[in-house]
Amino acid sequence: SSFVAAKRELFEELGIHSTEETLKKILHLKRRNSFLDVWMITCDIQKENLTLQKSEVAEAKWVNQEQLENMIKSGLFHNYGKEYFEKVFEKINRFKGATL
């Protein structure tokens, strides 16, 4: 399932353990040739405590929306497209501080 895959990849790539309470699907998108689920994690972990999978993750950091938008504009973060980020930011902002 998408949840099992997200949970596995989160642990493999960052060393973060998650549960159904901490990992929530916030978006399901139909793309031109595929479907995409976007997951949001709620956790309290310092960057220094992440275990990066070197073959998949070059760097990790926590950023706010403005910082991420600047990273996208400057080419430091892959641009998945305006529609993608509008939907992701809308969902994150809607759930900020909410219990899912």
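Working only within segment 2-39, note down all residues that are open to solvent by less than 40 Å² (accessible area, probe 1.4 Å), hydrophobic (A, V, I, L, M, F, W, C) and not in a helix (DSSP H, G or I).
16, 23, 26, 27, 29, 38 - these are the residues of segment 2-39 that are open to solvent by less than 40 Å² (accessible area, probe 1.4 Å), hydrophobic (A, V, I, L, M, F, W, C) and not in a helix (DSSP H, G or I).
Considering only residues of segment 55-94 that are open to solvent by 100 Å² or more (accessible area, probe 1.4 Å) and in contact with a helix residue (DSSP H, G or I) (Cβ under 7 Å, 6 or more places away or on another chain), which is modelled with the highest pLDDT?
56
Which of the residues spanning segment 40-50 are out of contact with any Lys or Arg (no Cβ under 7 Å at 6 or more places or on another chain) and open to solvent by less than 50 Å² (accessible area, probe 1.4 Å)?
Across segment 40-50, the qualifying residues are 41, 45, 50.
The values are calculated or read from the model by the stated rules, or taken from the named source; none is laboratory data. Keep in mind that what you see is a predicted model, and the values were worked out from it rather than measured. Heads up, the Cβs are rebuilt from the backbone with ideal geometry, glycines too, and the neighbour counts pull from every protein chain shown. For the accessible areas, the whole protein counts, side chains as well, though only heavy atoms, and no ligand, DNA or RNA atoms are used. Shrake-Rupley method; radii C 1.70, N 1.55, O 1.52, S 1.80 Å.
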